[in-house]
Amino acid sequence: MKLSFNKTGNKAKIRQDYLNNGYVKLEHALTNETARFIHEKISNQKQWNLVFKNKGLHQDSNSADVEAWDEENKKNLTKLVHKQAENAFQYFYETIPIYDIYYDKLMPGHFFNDIVKFLNSEPTLNYFREILDAPEINFLDAQITRFKAGHFLNCHNDDVHGKNRVAAFVINLTKDWSVDWGGALHILSNKSEIEKSFSPTFNEINIFKVPVDHLVGYVSPFATGQRLSITGWLRSGQNPKNL
Amino acid sequence: MTIKINKIANITELKNEFSENGIVRVFNFLEQQSLDTLKVSIETKINFDNAFYLNGQNQEVSDADIRALPATTQKQLYQDIHRMASNGAGFLYGRHKIDQTSLEEVYTLLQQLNTEDTLKILREITNFSDLKYADGQVTRYRRGDFLTRHLDNIPGETRRIAYVLGFTENWHPDWGGLLQFFEKDGTPMRSWSPALNSLTLFDVDKVHSVTSVAQFAAKNRYSVTGWFRA
């Protein structure tokens, strides 16, 4: 199956919105077939990394393993994560690191590789260069993310020295989400007020300039769906995994 | 006890914003000493009832009565409330209806909202010339509390403008508890993080919600809310 973008939106308007606001939304971003295909593959994935910080260090756990723990241990993990969310940067959600999987050749032949190849292809990069007025974009990295009840990604600005991130993107691949479940992408103003909120949707891409403070709102404990997306950064400079 | 509202200087600006969006925030609403007094009273002296929606009706149960329930019954109660909420119906938060029996400073605040001076300014900002009086309640959102999307425009009632006066200092948007407004189709319009001493006014036709307060929120979210009515 050939993955492709729709590219039907008014490019001049998209660019103007992005330059004026620092963020923009692309509706019907992928072709219907592409969005459906990727969604179906992703929603059937069994293996995810559960990520959070402990004592300032990033942690990756096997989500299925954690799911099999007894209630007491699960509760203790949640407690640890929450305790360290009170006064430091914290997050709690699931990922599949498809950029690493592709470039480190961790899962040859898997469709994850096709997504990375598609996103990093010249036509895709050219499209982003054009609509964002950012010819310096040279490659992108990406991960698949899944947020369920109780998950969150607290406020941060994506500005990591040496990563050359031009803009961040979120390809929304969430179906049947109720906005009451939270999990919205909130972009903050420089006065720490919420400037713009995007609820999870299907086949829309949110793009925003780096750095800017943003967060993924706490997903309500009563949410029954899963917030699926492919997210990452459009970067300038050399792709360190493709030298 | 005196509770004083600051003079509102930028009425034209607020009026324009309200006419454009149907929502507006008045910052620095209460005079400092009044704010300090009320903030302490609300945080420490009020007994809240827990309001929630269950079995097709709004219910209110005191903190003490909930604590007195067996652990399994409590768990079941929250599960039932959450099941409704996952389908988009319901709420869970602490409330205290303001009336003559409330703490003096709290009742005085409600009276201050009902003076002809205040009502006159509110009519001017909102362009609702028929505003007659305001009712009020103190609300408390703890970890896990929420209010799903709804309209305040209940048929048969004369609610015109909803208000939220914030009493929480240094809230972080990571903690949830956001007052979120939506288009009719559910697209987010704007989200406001609780701000101390800000009076939010919005048309009762605006779809809104209060997002779930995160389990790691460092404090409770307090406000005085109600409606200006015809």
Being at pLDDT 95 or above and on the phi > 0 side of the Ramachandran plot narrows it down to one residue among B:ASN55, B:ASN28, B:ASN50; which is it? B:ASN28
Scanning for something touching a residue at least 40 places away in the same chain (Cβ under 8 Å) and surrounded by 11 or more Cβ atoms within 10 Å (Cβ to Cβ), does region A:54-75 turn up at least one residue? no
Go over the candidates B:GLY22, B:GLY90, B:GLY94 one by one and state the one that is within 19 Å of the chain's Cα centre (by Cα) and modelled with pLDDT under 95. B:GLY90
Within region B:186-204, residues of a type in the set (S, T, N, Q) and within 13 Å of the chain's Cα centre (by Cα) come out as B:SER193, B:ASN197, B:SER198, B:THR200
Report, ordered by the first and then the second residue, all pairs with beta carbons closer than 9 Å, sequence separation of six or more or different chains, a first member in region A:11-27 that is at pLDDT below 95, and a second member that is part of a helix (DSSP H, G or I) and loosely packed, with under 13 Cβ neighbours inside 10 Å. none
Among residues belonging to region A:141-157 that are in contact with an Asp or Glu (Cβ under 9 Å, 6 or more places away or on another chain) and not in a strand (DSSP E or B), point out the one that is nearest to A:THR224 (Cα to Cα). A:LYS148
Checked region B:88-104 for anything over 15 Å from B:GLU60 (Cβ atoms) and out of contact with any Ser or Thr (no Cβ under 8 Å at 6 or more places or on another chain); matches are B:GLN100, B:THR101, B:SER102, B:GLU104
Residue in region A:65-87 that is modelled with pLDDT under 95 and either more than 14 Å from every other protein chain (Cβ to nearest Cβ) or within 24 Å of A:HIS151 (Cβ to Cβ) (or both) present: yes
If B:THR211 satisfies all but one of (1) among the polar types (S, T, N, Q); (2) more than 22 Å from B:ASN21 (Cβ to Cβ); (3) buried (at least 22 other Cβ atoms within 10 Å of the Cβ), what's the number of the condition it fails? (2)
Counting only residues that are more than 10 Å from every other protein chain (Cβ to nearest Cβ), give me the strands (runs of 3 or more DSSP E) lying completely in region B:138-201 with at least 2 of them. B:159-166
Which listed residue is at pLDDT 95 or above and in contact with a strand residue (DSSP E or B) (Cβ under 8 Å, 6 or more places away or on another chain), from B:LEU103, B:LEU151, B:LEU179: B:LEU179
Six or more apart or on different chains, Cβ under 8 Å: which pairs go from a residue in region A:218-230 that's over 22 Å from A:ILE98 (Cα atoms) and more than 7 Å from chain B (Cβ to nearest Cβ) to one that's of a type in the set (A, V, I, L, M) and not in a strand (DSSP E or B)? Could you list them? A:VAL219/A:ALA149
Would you point out the residue of region A:91-116, among those that are within 14 Å of chain B (Cβ to nearest Cβ) and buried (at least 22 other Cβ atoms within 10 Å of the Cβ), that is nearest to B:VAL213 (Cα to Cα)? A:PHE92
Pick out, from region A:159-200, the strands (runs of 3 or more DSSP E) lying fully within it that include 1 or more residues that are surrounded by 18 or more Cβ atoms within 10 Å (Cβ to Cβ) and within 11 Å of chain B (Cβ to nearest Cβ). A:185-188, A:194-198
Just name the residue that is farthest from the other protein chains (Cβ to nearest Cβ) out of those in region B:121-137 that are within 29 Å of B:VAL213 (Cβ to Cβ) and in a strand (DSSP E or B). B:ALA134
Members of region A:121-140 that are closer than 17 Å to A:THR31 by Cα and part of a loop (DSSP other than H, G, I, E, B): A:SER121
Count of residues meeting criterion [more than 11 Å from every other protein chain (Cβ to nearest Cβ) and in a loop (DSSP other than H, G, I, E, B)] in region B:202-213: 3
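The values are calculated or read from the model by the stated rules, or taken from the named source; none is laboratory data. If you're wondering where the values come from, they're calculated on a predicted model, not measured in any experiment. With ideal geometry, Cβ positions are generated from the backbone for all residues, glycine too; neighbour counts draw on all protein chains shown.
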